Each structure stands twice: as C-alpha cells, then as structure tokens.
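Note sheet for the following structure.
The values are calculated or read from the model by the stated rules, or taken from the named source; none is laboratory data. A quick note: this is a predicted structure, and the numbers were derived from the prediction, not measured. Cβ sites come from the backbone with ideal geometry, for glycine too, and all protein chains shown count toward neighbours.
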Number of protein chains: 2
Amino acid sequence: MTQRPNVLWIMADQLRYDYLSCYGHPHLHTPHLDALAARGVRFDNAYVQSPVCGPSRMSAYTGRYVRSHGSTWNSMPLRVGEPTLGDHLREVGARAVLVGKTHMAADLEGMAWLGIDPESFIGVRVSECGFEPFERDDGLHPDSHRQKWSAYDDYLEAHGYSSDNPWEDFANSGLGDDGELMSAWLLKNSRLPANVPEEHSETAYMTKRAMDFMREASSDPNGGPWVCHLSYIKPHWPYIVPAPYHDMYDARHVIAPVRSEDEQQTDHPLIRAYLDSRVCKSFARDHVREHVIPAYMGLIKQLDDNLGRLFAWMEETGLADNTIIAFTSDHGDYMGDHWMGDKDFYHQQAVKVPLIIYDPRPEADSTRGTVSDALVEQIDLTPTFMQAIGCPPKPWVIEGRDLTPILHGKDGFSRNYVISEHDYHWSEMARALNQPQEDAHTVMIFDGRWKYIRCEGFRPVLFDLESDPGELIDLGASDTPEHEAVRARMSDALLSWSRQHHTRITATPEMLARQTKSAETGVLIGFWDEAEYEAATGKRFDSLTPVGRPDR
Amino acid sequence: MTQRPNVLWIMADQLRYDYLSCYGHPHLHTPHLDALAARGVRFDNAYVQSPVCGPSRMSAYTGRYVRSHGSTWNSMPLRVGEPTLGDHLREVGARAVLVGKTHMAADLEGMAWLGIDPESFIGVRVSECGFEPFERDDGLHPDSHRQKWSAYDDYLEAHGYSSDNPWEDFANSGLGDDGELMSAWLLKNSRLPANVPEEHSETAYMTKRAMDFMREASSDPNGGPWVCHLSYIKPHWPYIVPAPYHDMYDARHVIAPVRSEDEQQTDHPLIRAYLDSRVCKSFARDHVREHVIPAYMGLIKQLDDNLGRLFAWMEETGLADNTIIAFTSDHGDYMGDHWMGDKDFYHQQAVKVPLIIYDPRPEADSTRGTVSDALVEQIDLTPTFMQAIGCPPKPWVIEGRDLTPILHGKDGFSRNYVISEHDYHWSEMARALNQPQEDAHTVMIFDGRWKYIRCEGFRPVLFDLESDPGELIDLGASDTPEHEAVRARMSDALLSWSRQHHTRITATPEMLARQTKSAETGVLIGFWDEAEYEAATGKRFDSLTPVGRPDR
C-alpha cells in the first residue's frame, strides 16, 4: 500500500436511504453494499445539501453549501472561479476523474468574460466542475432539441442497438405486445423489461467504464493518486430496468407508505401546493406506488449486483487494498410517502441518503462494520478525500468537515445541525402560489431531533423526530411554549449559519496573518506622539524608516 | 448632448456625512459641493455597505453586498469572476476608468487557477476591480516593506520633492522648528502645514489627473461613454493639509461631540472592547479632537476648492452638459463621537455618507436642488450608472437599486431597510475578546427608525433614531415588550435578507426561462399514461419524437 490511497466515490442518483438491506429494507437484499458496510462505516444520519440533483452535486463537488456556490437549481451553471475538489487535488498532484453524471452546466458567459476558451485544458475542467471527464453522461437524453448524443449512445449503436435515440428507445423503453416501443417516461410502463440486455444497460456500462479508468490509471506509472467519481444515473427515473430485475419484486414487496390523512388537511400554502402538483398527486395513488416501486427496487438490486462485480474485480486486481470506497446518493425519492412524489422537499425520504465509507488503511480497522449516528453532510466527503490524499485543509473555502476521525475511531468530528436548501422558482408550486421567483426558496435546519424548515413568505414547518419519527405532525404553527421556543432557537441558529462567511474564499491563512500584523506595515492609527507609539509597541518611532527606496 | 451621458463618480475617503455645509455643518463652508447639490439631488439617508474602505468599495464597484462579493476586509482580494461595474459597461461599449484609490487587492491565486496572466489585458482588469487604471493610487505609502512607489511619487520627484518616500516626507509630513520632518502618522503633528505646496498635494494631483483623463477621452472620437471614478485619498488619515488650509479652523470651529457618560458604562462586551481600543481611547480625549478636527476640516475645504476648479473647467469645456456627476464617500469618521475614533462601527458618523448626484439631462430638471430622504445604499450607484449608460438591468447580479426614478422625480424606487457589514477578525477587539476569527463579524440593519446590530456571539445593539437621534441609548437588552418585538422583527428581516439569493449570479433571464419551460424538454415526471400526458399538455404523447437525429 502506498502512502496516499485512491478514492472510488460512487454516487447513485435518487436512491433513498432506506432501500438497502443494511439500512433495514425488509425485502430488498443488497448483499454487496451490505458487505461494504461490514468492511467500513455506515452513516445513519447523512444529509444532502439540496434535495435535487444539480445543487446537491455542486455542493458535493465543492464541499460548500448551496448558498455559497450559487448553483441553486439543475442546470444553473456553477460560476467560473468556484473552487472544486478537483482544483484542490491538482495542487498536490492528484487527479479527480469523472465517470458518469454530474449535472454540471458550464458557465460560458463567465468564461467569455475571463477569456477562457471552453475547449481549452482549463476550460474543459471549468466546464466539468473541476473533474477530468473520462466519461460524462447525465443520463437524460429525452427526444427534444436539447438531447445530446452521448458515448453511451455510440456504445449501444456499436452493439447493434441503433436508432435516432438509443438511450431512450433501448435503455429507457420497453416493448409492447406487438413489439412497439413503450416509453418509460410513462409510469405505466415501469414494469416492462428495458429493451436492452442487462450487460448493455446504463448501470452495467458505467461500471465497465469505471473499470476501464482504473485499469488505465493502474498501468500509468504517473497515474498518481486519484479520486474517481463513479456516478450512476439510476435508480433515477425513467423507472425501468432490464430483465431479470424487472420481475424480481411486486406489490407484496412494497413497504407501506409513510403518510397520514391529517397531512392531506394541511393549512400550509406551500405544502398544499406540493400536494396539488402533478407528481405528488400521481405518487399519492397506491396503484402508482405499487407499480413503480418494484421497478425502483429492481434498479437498486441491479446496481448492487454491478457493484458486487466491481468490488470483486477490485479485490482481484489489488486495487481494493489501496482504494477508499465511498458509496452515497445525491438525494432520495418520496415514492408516495407523505403523499408526495419525486424529491423536492425535506422529509427524510428526500434529504437523508445512504453513506458507506470503506477505508482500507489500518487506522480504520477499529471501526469496520460500525454504524455512526453522527450528523453528517454530503459536503463532508470533499474534505475527507482531501485529507486522505494529503491536501492541506482549507477552511476558508471548504464548508464540509473531515470525517476521518469517525473512520479512524477518534474524537474530533462534531456538528450541531445539518442544512439543506431548495430553490423552487421554476416549479408548479411557485406558479400556483404566484410566488415571485426570487423568493421561491426554502431551507431546512435539522439538529438530529428538531427539523425546522423556513419557507420564505410562509410560516415555518417543524417536525419533532423524537416523538414523531415519521414526520407526520407539522408543529410549525403550534402555540405550545415549547414549540415556540424551539422555533425561535432554530431560526436563530439558521441566522447564525446564514451570517457565517461563505464567500470569503480569498481569506487564506497567509492573507489573514498579513492582516493581523498590520501594525508592522507602517500604517499607524490613533497615536498622539512618539511616546505613545513607543509605549504601545516597544519600538522607537523612527525605526520604521527604511534604509533604501521602496520597490518601484 | 449625445444620448448616452458620461459619469464622473467622485469619491472622498472617510468623509462624514455632516462635514459639508449643505449637510448642515455650521463652520465648514463647502460652496462648490453645495452648488452641485443645488443643481442636483442631495440624498439625506445614504449608507455604505461596510464602514471601512475595502469592503465598502468592493460593494460600490460591484453593486453587491459584502456577504455576496466576499471581500470582507481591506486587502482581502476580490475573487476572480466577481462581476464589476466595468464588466457590465464594457458589454455596451462603454468604459470604466479609474483615477485614484480602489483599495482592491488582486486575486492572484484565483487567476493562477484559471490560467489568467495578471499582466494580460484581462488580468489587469481583474486586478483593478474591473476598471481600466488610468491612475491607481491607494494613497497609503508608509515606510515599510509594503510601500509601493507610485506615479504620484514620480510626480513629486519631477517637481523637486525628492526623497526615499516623497509621499510620506512631503505630502504627509510637516516640518518642525528646526526643519526636521514631523510625520502626520502622529496626531500631534496634524496642525502643521503639509511639507508640499497645495498645488502639488494629493488632492490637487488627483484633480489634475481626472482632467487629463477627460481631456484625452474628449479628443478620442471612439472615446465612447465612460464612467470615470475620481477617487480621492483625503480627508482619510494621515490628517495633514497644506497651507493655507492647515490654519483655517481651530477649536472654536469644532462641533461638540455626540456622546454621553452612560455610553462609557456599556455592559456590551464588544462595544466595551471598542471603547478600550487605542484609536477610540485616543479620540475620546478632547485635546485630540480639537487638534485633529481642524486638519480634517481643512482637508475637506481643500477638496471642495479643488472640486470647484474641476467643475468650472467642466463647464468651460462643455463636459458638464453631458456628464452626470456623483459625489460620495466610502464611509465616515467618528472623530471622538460616542467616544470612538476611526470608523469601524455603525453609528451615523461611520455608516452614513454624503451623496449628491447631478444629472444634466432635462428629465432631471424637476428635481434640481431637492433633498431626498429615501433610504439609499452605496450599491445603488452601479445600477444607476448602468441605466444612464444603457446597460440592461441585471437583477440576478446587481443587488443595488437604480436611483434614476428619484433623480427624475418619478415613482419606482423603494427600500425598506439598509444593510452594512463588518469583519473585525484582524482587530484589537477580536483579540481582546478572544473571539474566533470566523465569528468576529457584525451586521447592521436600519429601517430609517430602528437600527439593529447583530453581533455574532453577543447580544444585539438597538437604537431608536426617532426618540434618540444621537444614538446614545442602546436598547439591545431592553425588556420592554415594544423593544423585544422590534428586535424580533429586525432579526427576522435580517434572516430574510440573509436568505436571499446572492451568489446565484449565473441565473440569467435566459437560464430561468429555459428552466421554467422544462416541460418542453421532453423530461416527463409523474405521468401515468398517454391520456394523462395529453390531458395535462394538450399535446399528443408521441409529438416529442424528433424527425432526425439529435446533435452529436
């Protein structure tokens, strides 16, 4: 084992925390991820910084909150100059490599202002959120003017799956009784087998591409340590999975929804608007849940099998000896819980994610197979990987906290609350409420018991997860003194957090040291005379006079 | 008059709002600025976004709050990619030109990451806060390893004032009885005449340089509209002024200090630490006030005379017909009020500044000589100048508000409160209180009556300017229900403001429109079948299928 490990950072998309057997799912067995948890630490309180792909990922890749990087919604470009994990790794001669999805949009306007060619070496890196793109594929290639042909489309064609949109017609459709295409954009088609064999599906393809990268890096003597971000597209919609996974589960395996009739009677205008939105109304129907969830489970089962293959290959090749493996997701999926669909709010089903970290180093031996209940944020991964690879910490940029103490069974990690943010300016809810787009945003602060959600323009939402772990009772308008006090305390914590520095990214330690030593610069403020100066500083007043001329 | 006016944006440094005769000073007569006010609008409620040079100026030049641009303290580099007034002007073929001080520090690390040579055309612009540097001089050239030789030093040498540090030895020193140098870094020397004739002083030099620029631009047929930022170094310390201004005022002209014995008994740890700091203890002494204030007044009188010369020249040359003239300051100076010196807190003496805008266009005829009591922020100037020069508004970047409606006597400007921020991590106060540097910051929110100051780690400070215009009674710990309610309301307003978008600068209207039309992208979420899709959209489900292949 060399001194600096590699990191394989696996991210599933839209995977709920509770749909793995190691997280307690009663019917969905995921032995390979369970085995990873048995070799590493499983985090039972990990939260994403936004319950949607784009902003959650920009936080993950920068180690910074959404308020800080400003990419608040999918396809909102991450501004030029926002530092990423890749930038920090490169400073110490390590690589950050992408295989799969980032949801990054390039800031072409910002690049133009700074004279950066998007096709240049630096421009590509800026466009790819700091990663070297070994393979970039966001996995959504609908039939539209915005569809982009991908390497995966080429791959499908090369294997005989040729059409105008192989991604849609093979990987994301089924076939009807007469052989007609049945699009997985429609939920009713979720139970069909995808029109592609498993070995050529998106999940299998991306697994193969990660192996390609690791093989290539291993044979390169200058391959250096790397973080490979293996970023799967599934189990994100379109919900459809190849045989035999399409048929492994049925309504008997669908766990009961977490919801109550009272929730339907909410007086909160924003939650009301959520419940009235199409995707929530759709997943509030039992037949939708019972039809779609088996496909979702199949996709997860398929992912676990692919990871089993990948982990076995890493064992065989010896890569596992020197590679930290982290597994997580960018957010969850309501699947009808709380009468909601998709993920755009803050119940546990949306913001809590699985997080498993296997660290091969002997320092981690004492924690193998343990479960941590520490309050953890997705932004903690970037500083954890930086620490493993030998980047000095950068608290003036990185807002996440290094998890290494937890992995190595030591004290030193703490956090009082987790934060998640959401910008719904684009949404049905904003339109239904006539909410100005600049005010259409919410933020969650959760301290492990109380979950407080500030909804700009509306009253807050509050859940007590101790007395109400299902989050079925909204205490946001409760007038009991305890709840009033909790709301005031959480609101103040939110203000403290909001007021922290988060754009002061040029305040390096050198800069701060230089500032605190300003008395040595010769700028003297408020001294009456020589005696005052000498009494305060212990120096003669004229000692500042230089011998020669200053630099021109 | 052409359609697009030029803008001469004059900024004094450390000029209190109440040290001009048009703002009510009883002894300091500033007829030229008074005449400007008589031709334009005088703003009686203008506030800076930080009570110190660097962050205040970075806000002024970006039109954005300190929380947003992140340059929270002097010499904290403004990050690469932070858009400035100059960037916006260039998009419409106009120029932003600097003559004088910005206090900008270049983000060399950020430039290196993006491969930008600081000496390149774009690099110079990034280094100069978006301005073309016609003349850059921050006006502090103390004897130290950080002293930088300036064009003004060359100028002094060329006029026979030669030394190792002409700035210090001539412009910022006096002479003792035996001809020895008496440094103006020591307050006791403030009443000496500066060791340079008025015509070669910093103020006169910078006035001349502004004329040089305007002459050059006028003779250039492609000179285009411009904003010239004429940024004077004075009346900022070192407090010393050439004859005859050094002798125009004495203790009889010093207005009584605004302070009370009760203020000295404060129980607020941060204010206590301020009062115990050297500069505050120094200016709390009457003999210091009475000695320094006449020099400060002389500097202001000299500035007014220079501006008189400049305005007369602009009239003669016809430039005044087509040039908006704005006059303001980057912050004030306590001068012993509230027992404080310098400017680092939020009383009116520190955060309220003079602001006069003369607009030559006929649309402004109805407002000439009027006084506006609108709550105005320094960041409002950037959008006002953008509007005058024909830049489309950019609310996704610019946080200030266009003042044109006020200048043109129309409705349309409103603001409920002003904000100012301060980062004191570097200070004596932080060290005395052992305050962690990341928590050593404060923020003020003022609604025109109530001034609420949040002090991280300490109780808030509250003033009621209606019943206590002198801000002598701190209501931050008052337990009367009215004050408790006001504090809760102001804290909530601060949280709302803090939670607004401020880094979402890539959210252009095109980007937002594209997002709200996402239904047209072919991404379909939550539709059960064709009938549901068709009922919701009025389109046939297969209508999304493109005719040909998407772009590769």
Checklist outcome for this item: Those residues of segment B:525-552 which are modelled with pLDDT of 85 or more and either closer than 28 Å to A:His69 by Cα or not in a helix (DSSP H, G or I) (or both) amount to B:Ile525, B:Gly526, B:Phe527, B:Trp528, B:Asp529, B:Gly538, B:Lys539, B:Arg540
Checklist entry - Restricting attention to segment A:74-120, which residues are modelled with pLDDT under 95, among the basic types (Lys, Arg) and closer than 17 Å to B:Ala507 by Cβ? => result none
Item to check | Qualifying residues in segment A:235-267 (those that are of a type in the set (Asp, Glu) and either in a loop (DSSP other than H, G, I, E, B) or over 29 Å from the mean Cα position of the chain (by Cα) (or both)) - the one surrounded by the fewest Cβ atoms within 10 Å (Cβ to Cβ) | outcome: A:Glu261
Next on the checklist: Out of the helices (runs of 4 or more DSSP H) lying entirely within segment A:108-218, which hold 1 or more residues that are closer than 23 Å to A:Pro244 by Cβ and of a type in the set (Gly, Ala, Ser)?
Outcome noted: A:202-218
Checklist entry - Considering segment A:68-89 alone, what residues qualify as being surrounded by 23 or more Cβ atoms within 10 Å (Cβ to Cβ), at the interface with chain B (Cβ under 8 Å from one of its Cβ atoms) and either under 14 Å from the mean Cα position of the chain (by Cα) or of a type in the set (Val, Ile, Thr) (or both)? => result A:His69, A:Ser71, A:Thr72, A:Trp73, A:Val80
Checklist entry - Which of the residues that make up segment B:106-119 are facing chain A (nearest Cβ under 8 Å) and not hydrophobic (A, V, I, L, M, F, W, C)? => result B:Asp107, B:Glu109, B:Gly110, B:Gly115
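Residues checked against (1) out of contact with any Asp or Glu (no Cβ under 6 Å at 6 or more places or on another chain); (2) β-branched (Val, Ile, Thr); (3) crowded, with 23+ Cβ neighbours inside 10 Å; (4) closer than 21 Å to A:Ala477 by Cβ:
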position	(1), (2), (3), (4)
A:Asp423	yes, no, yes, no
A:Val443	no, yes, yes, yes
A:Phe446	yes, no, yes, yes
A:Glu456	no, no, no, yes
A:Arg459	yes, no, no, yes
Checklist entry - In segment B:282-292, is there at least one residue being in contact with a Gly (Cβ under 7 Å, 6 or more places away or on another chain), surrounded by fewer than 19 Cβ atoms within 10 Å (Cβ to Cβ) and outside any helix (DSSP H, G or I)? => result no
Next on the checklist: Filter segment B:196-243 down to the residues that are within 12 Å of B:Met11 (Cα to Cα) and aromatic (Phe, Trp, Tyr) and list them by number.
Outcome noted: B:Tyr232
Checklist entry - Can we say A:Lys188 is within 24 Å of A:Val279 (Cβ to Cβ) and either more than 27 Å from the chain's Cα centre (by Cα) or more than 14 Å from every other protein chain (Cβ to nearest Cβ) (or both)? => result yes
Checklist entry - Is it true that B:Leu494 is part of a helix (DSSP H, G or I), facing chain A (nearest Cβ under 10 Å) and either within 27 Å of B:Asp337 (Cα to Cα) or in contact with a strand residue (DSSP E or B) (Cβ under 8 Å, 6 or more places away or on another chain) (or both)? => result yes
Checklist entry - assigned to a loop (DSSP other than H, G, I, E, B) and within 18 Å of A:Ile505 (Cβ to Cβ): does that describe B:Ser68? => result no
Checklist entry - Name the pairs: first residue in segment A:419-444 and at the interface with another protein chain (Cβ under 8 Å from one of its Cβ atoms) and under 11 Å from A:Ala273 (Cα atoms), second residue in a helix (DSSP H, G or I) and charged (D, E, K, R), Cβ to Cβ under 7 Å, at least 6 apart or on different chains? => result none
Next on the checklist: Could you go through segment B:417-426 and let me know if any residue there is within 22 Å of B:Gln265 (Cα to Cα) and of a type in the set (A, V, I, L, M, F, W, C).
Outcome noted: no
Item to check | Selection within segment B:205-222 - buried (at least 19 other Cβ atoms within 10 Å of the Cβ) and either over 27 Å from the mean Cα position of the chain (by Cα) or not basic (Lys, Arg) (or both) | outcome: B:Tyr205, B:Met206, B:Thr207, B:Ala210, B:Phe213, B:Met214, B:Ala217
Checklist entry - Which one of the conditions (1) within 14 Å of chain B (Cβ to nearest Cβ); (2) among the charged types (D, E, K, R); (3) surrounded by fewer than 24 Cβ atoms within 10 Å (Cβ to Cβ) does A:Asp305 fail to meet, given that it meets all the rest? => result (1)
Item to check | Any chance B:Phe385 is within 21 Å of B:Leu307 (Cβ to Cβ) and either surrounded by fewer than 22 Cβ atoms within 10 Å (Cβ to Cβ) or of a type outside the set (A, V, I, L, M) (or both) | outcome: yes
